[in-house]
């Protein structure tokens, strides 16, 4: 790794986090684009090595969720064995979809997360797939605020899809963090959401950096009905190659070049993938000229850049 890990303040949460966040969905369930019939999920021993290596290289924030299979339990067990120290966990509540949200359901979710993660306090609880209706017309936020006042959670965040939900989250006075999709092909949040977050002092975590594997060599495993997406990824790969970059390097360094992203969430399924990501991050952000060129690779078709529309299971 060329450079040391950078850290950024989360102003409304009162702690600092590493510029890289380690996503742990891969540890709890099958996730991402992979060779048909093969598993991307690491073994327990492999996952523990990945987490310990991440900590050794300065990563202090781990993202999980009740919806990520066994991820919370897995992460809680591993970190309990390692020791918490200054490590932070960002978990979630929900997703609730269009269902009515009850106070009891929210409380039970928080209690399960505390138990699964083996902690007395949850550093950051994000509303999973938050919507404006959930934020302003349900008991969800009131219940979370009360949990924060009791000391059960440290800060409240929102993980969102779409500009409308993002802007609604930014307007809420109790939201400390916003998690959004942002990558070489998806810059939908760049024009309004990121400037608004900066103005309001709300920390932003960028996810989907590698677009579930589409911006890595695993793009060759995209199903036939996503050939259009594959073509855009190949175009991005050709651009990267023209600058002596691999596509994953261009993808991660592009996100790191956006200073409004307090932390960039990476998901890995092996120690090798983690080492690669750490090495890339150590080379720093893309230079301004390359970043400006890379902005031209973005596409607007949400059915291509939003995995919810891909029609694949993981």
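The values are calculated or read from the model by the stated rules, or taken from the named source; none is laboratory data. Because the structure is predicted, anything quoted here is derived from the model rather than measured. Cβ coordinates were reconstructed from backbone atoms using ideal geometry, including for glycine residues, and neighbour counts include every protein chain displayed.
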If you take the residues in the range 238-260 that are crowded, with 21+ Cβ neighbours inside 10 Å and in contact with a helix residue (DSSP H, G or I) (Cβ under 6 Å, 6 or more places away or on another chain), which one is farthest from residue 179 (Cα to Cα)?
240
Condition met for residue 112 (surrounded by fewer than 22 Cβ atoms within 10 Å (Cβ to Cβ) and outside any loop (DSSP other than H, G, I, E, B))
yes
Residue 50 - would you say it is within 29 Å of residue 153 (Cα to Cα) and either assigned to a loop (DSSP other than H, G, I, E, B) or modelled with pLDDT of 95 or more (or both)?
yes
Could you list all residues from the range 266-314 that are surrounded by 20 or more Cβ atoms within 10 Å (Cβ to Cβ), touching a strand residue (DSSP E or B) at 6+ places or on another chain (Cβ under 9 Å) and under 17 Å from residue 217 (Cβ atoms)?
266, 267, 268, 274, 277
Would you be able to say whether some residue in the range 221-231 is under 28 Å from residue 45 (Cβ atoms), surrounded by fewer than 22 Cβ atoms within 10 Å (Cβ to Cβ) and modelled with pLDDT of 95 or more?
yes
Among the residues that make up the range 21-41, is at least one of them touching a helix residue (DSSP H, G or I) at 6+ places or on another chain (Cβ under 6 Å), over 23 Å from residue 310 (Cα atoms), surrounded by 15 or more Cβ atoms within 10 Å (Cβ to Cβ) and touching a residue at least 40 places away in the same chain (Cβ under 8 Å)?
yes
Just the residues that are in contact with a helix residue (DSSP H, G or I) (Cβ under 6 Å, 6 or more places away or on another chain) and in a helix (DSSP H, G or I), please, taken from the range 198-219.
200, 212, 219
Of the residues that make up the range 66-78, is at least one part of a helix (DSSP H, G or I), crowded, with 24+ Cβ neighbours inside 10 Å and in contact with a helix residue (DSSP H, G or I) (Cβ under 6 Å, 6 or more places away or on another chain)?
yes
Please go through the range 116-135 and give me each residue that is in contact with a helix residue (DSSP H, G or I) (Cβ under 8 Å, 6 or more places away or on another chain), farther than 16 Å from residue 180 by Cα and in a helix (DSSP H, G or I), ordered by number.
116, 134, 135
Of the criteria (1) under 20 Å from residue 180 (Cα atoms); (2) in contact with a helix residue (DSSP H, G or I) (Cβ under 8 Å, 6 or more places away or on another chain); (3) assigned to a loop (DSSP other than H, G, I, E, B), which one residue 97 fails:
(2)
Contact list please: Cβ distance under 7 Å, first residue in the range 155-176 and without any contact (Cβ under 8 Å) to a residue 40 or more places away in the chain, second residue outside any helix (DSSP H, G or I) and surrounded by fewer than 19 Cβ atoms within 10 Å (Cβ to Cβ), pairs at least six apart or on different chains.
156/174; 163/192; 167/192
For residue 53, are the conditions met, namely being touching a residue at least 24 places away in the same chain (Cβ under 8 Å) and over 21 Å from residue 179 (Cβ atoms)?
yes
Being over 30 Å from residue 38 (Cα atoms) and either touching a residue at least 60 places away in the same chain (Cβ under 8 Å) or not in a loop (DSSP other than H, G, I, E, B) (or both) is the filter here; which residues of the range 180-189 pass it?
187, 188
Sort out which residues of the range 167-179 are in a helix (DSSP H, G or I), surrounded by fewer than 23 Cβ atoms within 10 Å (Cβ to Cβ) and in contact with a strand residue (DSSP E or B) (Cβ under 9 Å, 6 or more places away or on another chain), and write them in order of number.
168, 170
